[in-house]
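All of the numbers you see were taken from the coordinates with simple rules; none came from a lab. Worth saying up front: this structure is predicted, and the values here are computed from it rather than measured. Cβ placement follows ideal geometry from the backbone for every residue including glycine, while neighbour counts extend to all protein chains displayed.
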Amino acid sequence: MLTAPSTADIEDVKLPMIFIFTGLALFVVAQLILTINMGALARGLPGTPPLLSCAHLILLGFGTMTAMGAMYQLVPVALQVKIRYRKLTYPQYGLYAVGVLGLAFSLYVFKPALLAIFGTLTVIGALMFIFNMVVTTRSAEKGTIKTAVLLALAFLFLTVLLGLTLALDFYRPFLKSWHERLFHVHILFGTLGWFTLLIMGLSFKLAPMFTLSHKYESGFAPASIHFLHTGIWVAALGFLFHTLILSTLGGVIVFFGIVCYGIQMKKVVDHRLKKKYDLGIKISLLALPFSLALIILSIVYGLAVSHAFPTIAVVYVIIIGWIAFVILGYLYKIIPFLWWTYKYGEKAGQKGVPLLKEMMSETRGQWWFAMFLIAIIINTAALVLHLATFAFITQSLFLLSSVCYTLELANVLRK
Amino acid sequence: MIDNEKVLELLKDVIDPELGINIVDLGLVYGIDVYDDHSVKVTMTLTTPGCPLHNTIETAIMYALREATGHTHHVVELVWEPQWTPDMMSETAKQALWGGR
């Protein structure tokens, strides 16, 4: 006998929504902090307390918080498994949210004692999530998505462990010259190991599912994961032992991985049956060529004209142009989808039930994403050229777009 | 009186909310069994394993069957063999998605 969606199914939707909207609120706060401090970033001072606070709000408060919520929903879908310890999910949210908020505050006011306390809370929240996800994912059948998700979780573990070590070093210094080296590895593991592997792994399910793509060759998917994984470790060794040849080689291997991912996504799109697919999915797919082009242009200009590697601009593009942009794209598709399922799932087939596409305005969405794109391009140029005032103006545009975007998504909850 | 033809017509009103096409034209319905007590068993699949609209589509089928028969003793069985392929779609569905590609 078939039953209607159960309470557990409905809770499945509430849980990711809580994570995602907390993440979006923190994203707006982070953009406000970045706007105020964009001048310092353009002048080449990324390590000021407000900017450290902002980076953690974006990566832990927005990126990881959103990824956690999305994974509680998407991992069971993508890997055909059930969350192993559902009772852990809400306490995990509470601990992690308090930890990240406290951590961002401690960094902003730069109080090492508070940093150690809230850093520890954040780590405990992250570890609870990693544990739950690893035991959940392990029961899935072998495959590229499973490999990517497990690797991403391993890198999240290493990233938070390194982060905690760095926070403790602020409180009681013991790392000396290793602090900066570990800091670079911390950024590498977080941006490429955790976020990029996760984005790739989940995209191998989401992109074909939302574009209705079938019968495509999938050999580039495992290649992309293995190249990226190998490249990250080679680059990490280069960072740790200050060996330029290793970090460059690592970068090249990572690039191969990214290219393989791009080819795989192109194959998916080329074999789609849905001619018109949604704005959110288009944006998520666009993020890769967009950020790759910006990174290459920044590096070429930096090396050719300024004779320096434009580290700040490259890290900015990886975090905002790639990670944040992919997430913002997917959320534009996933939030209406989840809310429709929650609100109307039990009334499916009845009169008066809106269509999924009526939950969100694609026209307004095009405006918000266009504003994001323009702001990211000009911000990157301003960071490469060290134009502090210019960067402040365009970052204000980014802040405005992030407020409009978040309100647009919040508006879905009124339908 | 309900029979296979009637059930098939009812299922044409069950729309996949993501694609906006009914589940019959999508080729998701593999079998219909109508029993003496007027209960119905629908054997079906989804376009991809783990499709998040699984419950939603099942609920819509149950609603349509309940409205037609007045009772709820129906079964929707989800199967993955044979695996769904685009070839199972009707020409109408193909046209709706991409002008017949």
With both partners inside chain B, how many of the DSSP beta bridges are antiparallel, as a percent to the nearest 5? 65
Take the residue pairs A:K111/A:K146; A:K87/A:K266; A:K146/A:K274; A:K146/B:K94 and return only those whose Cα atoms are more than 29 Å apart. A:K111/A:K146; A:K87/A:K266; A:K146/B:K94
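Apply the Kirkwood formula to segment A:118-167: the hydrodynamic radius equals the inverse of the mean of 1/r over all pairs of different alpha-carbon atoms; give it in Å with one decimal.
In segment A:118-167 this quantity evaluates to 11.4 Å.
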From the gyration tensor of the Cα coordinates in segment A:1-155, what semi-axes in whole Å does the equivalent ellipsoid have, largest first, with each one equal to sqrt(5λ)? 33, 16, 15
Would you mind checking which residues have amide H under 5 Å from B:I32's amide H? H placed 1.01 Å from N; only 5 or more apart, or other chain. B:T43
Can you give the three extents of the C-alpha atoms in the protein assembly as shown along their principal axes, from longest to shortest, in whole Å? 82, 44, 40
Select from B:T48, B:L78, B:M1 the residue farthest towards the positive end of the dipole of chain B; place +1 on Cβ of Lys and Arg, -1 on Cβ of Asp and Glu, and compute about the Cα centre. B:T48
Pull up the DSSP beta bridges for the protein assembly as shown and report the antiparallel fraction as a percent, rounded to 5. 65
Positive end of the charge dipole of the protein assembly as shown (Lys, Arg +1 and Asp, Glu -1 on Cβ, about the Cα centre): tell me which of A:T159, A:S106, A:F129 has its Cα farthest that way. A:S106
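Report the local net charge at A:D278: Lys and Arg +1, Asp and Glu -1, summed over other residues whose C-beta lies under 10 Å from its C-beta.
With Lys, Arg at +1 and Asp, Glu at -1, the net is +3.
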List A:S177, A:S139, A:S224 from most exposed to least, where exposure is judged by having the fewest other Cβ atoms within 10 Å. A:S177, A:S139, A:S224
Can you sort A:Y85, A:Y332, A:Y72, A:Y216 so the residue with the fewest Cβ neighbours within 10 Å comes first? A:Y85, A:Y216, A:Y72, A:Y332
Segment A:309-410: trypsin sites (Lys or Arg not before Pro) in DSSP coil with no more than 10 other Cβ atoms inside 10 Å: A:K351
So, relative contact order of chain B in percent, Cα under 8 Å, 6 or more apart, is 29
With a point put 7 Å past each Cα toward its Cβ, work out how far A:T230 is from B:R66 in nm, to one decimal. 5.6
Counting Lys +1, Arg +1, Asp -1, Glu -1, what net charge surrounds A:S139 among other residues with beta carbon under 12 Å of its beta carbon? +4
Karplus (6.51, -1.76, 1.60) ³J(HN,Hα), θ = phi - 60°, over segment A:372-381, in Hz, Gly and Pro reported as x: 4, 4, 4, 4, 5, 4, 5, 4, 4, 4
Taking beta carbons within 10 Å but only from partner chains, what does the mean come to for residues B:6-17? 2
Return the long-range amide H neighbours of B:N22 (sequence gap of 5 or more, or a different chain), with a cut-off of under 5 Å between placed amide H atoms. B:D16
Value of D in µm² per second that Stokes-Einstein yields for segment A:27-85, Kirkwood Rh from Cα pairs, at 20 °C (1.002 mPa s): 163
Here the net charge surrounding B:V76, from other residues whose Cβ is less than 11 Å away from its Cβ (Lys, Arg +1; Asp, Glu -1), is -1
Taking every residue in B:85-98, how many Cβ atoms of other protein chains lie within 10 Å of its Cβ, on average? 2
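With a Förster radius of 41 Å, plug the Cβ-Cβ distance of A:Y216 and A:Q366 into 1/(1 + (r/R0)^6) and report the FRET value to the nearest 0.05.
That gives a FRET efficiency of 0.90.
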One quarter of the C-alpha convex hull surface, i.e. the mean projected area of segment A:147-281 in nm², amounts to 8.9
With a cap of 12 neighbouring Cβ atoms within 10 Å, and only residues DSSP puts in a loop, list the trypsin sites (Lys or Arg not before Pro) found in segment A:57-163. A:K82, A:K142
